[in-house]
Amino acid sequence: AHPLAASALSPSLPGGPLPDGPVLDLACGPSGSGLLAAAAGRQVTAVDISEVALDLLGGEAERRGLRELITIVQADLGEWRPQPGRYALVLCTGYWDRAIFAAAAAAVVAGGVLGWEAFTEDARRVRAGLPPEWCLAPGEPASLLPAGFTVIDQHDLPDERHGTKRRLLARTGSAP
């Protein structure tokens, strides 16, 4: 599982554990994160464009006896959007698009958490072919959070070989 998923699913998460509810894993790939959430008893919606990655996820979920907890959605995130106010946790690692970020933030329930990791503009230093629109600008994604979110953590993960990534964990305000 991605370290961001492990942090978000931890009972020692700042502000307390996640509220009850499903998990959304965007651009999930074979999704160790989705498997971790399902193993914790959460319903998971795993979305990716890659049929190969989703087949790997489905097979591993089946082997672990978790298949009934994971809904696999093959979709292009440029077109697919989550239902607003539905998920206790929304995760996305290794993918960036401002419009999808806004939709993902809107999909988090009160008291829920948004976790995101993507390359920064600095990554283009070592990955010249990386399109600028796929990279976080300074301060993003925290600067793009809607009102009501509190940043739990945002920090850079420098990597001279692959390029710097930035990791965000943020929580919405508590349910009334």
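The values are calculated or read from the model by the stated rules, or taken from the named source; none is laboratory data. Model, not experiment: these values are computed from the prediction. A quick note on method: Cβ atoms are made from the backbone with ideal geometry, for glycine too, and the neighbour counts reach across all protein chains shown. Ligands, DNA and RNA are stripped out before the accessible areas are found, and what is left, the full protein with its side chains, is counted by its heavy atoms. Shrake-Rupley method; radii C 1.70, N 1.55, O 1.52, S 1.80 Å.
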Which of the strands (runs of 3 or more DSSP E) contained wholly in the range 1-83 include at least 2 residues that are over 15 Å from the mean Cα position of the chain (by Cα)? 70-74
Could you tell me which numbered condition residue 41 fails, if it satisfies all but one of (1) closer than 20 Å to residue 114 by Cα; (2) surrounded by 14 or more Cβ atoms within 10 Å (Cβ to Cβ); (3) in contact with a helix residue (DSSP H, G or I) (Cβ under 8 Å, 6 or more places away or on another chain)? (2)
Report, by residue number, each residue of the range 75-103 that is of a type in the set (S, T, N, Q) and surrounded by fewer than 14 Cβ atoms within 10 Å (Cβ to Cβ). 83
Under 6 Å between Cβ atoms, which residue pairs at least 6 apart in sequence (or on different chains) link something in the range 143-163 that is over 21 Å from residue 8 (Cβ atoms) with a partner that is open to solvent by less than 70 Å² (accessible area, probe 1.4 Å) and in a loop (DSSP other than H, G, I, E, B)? 158/164; 163/126
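If you take the residues of the range 104-123 that are open to solvent by 20 Å² or more (accessible area, probe 1.4 Å) and within 14 Å of the chain's Cα centre (by Cα), which of them is farthest from residue 4 (Cα to Cα)?
Only one residue fits best here, namely 106.
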Going by the conditions given, is residue 18 buried (at least 23 other Cβ atoms within 10 Å of the Cβ) and out of contact with any Phe, Trp or Tyr (no Cβ under 9 Å at 6 or more places or on another chain)? yes
A careful count of residues in the range 124-173 that are part of a loop (DSSP other than H, G, I, E, B), open to solvent by 70 Å² or more (accessible area, probe 1.4 Å) and not aliphatic (A, V, I, L, M) gives 7
Take residue 166 and tell me if it is over 12 Å from the mean Cα position of the chain (by Cα), under 20 Å from residue 16 (Cα atoms) and not aliphatic (A, V, I, L, M). no
Suppose we filter 87, 95 for residues that are aromatic (Phe, Trp, Tyr) and over 25 Å from residue 130 (Cβ atoms); which single one remains? 87
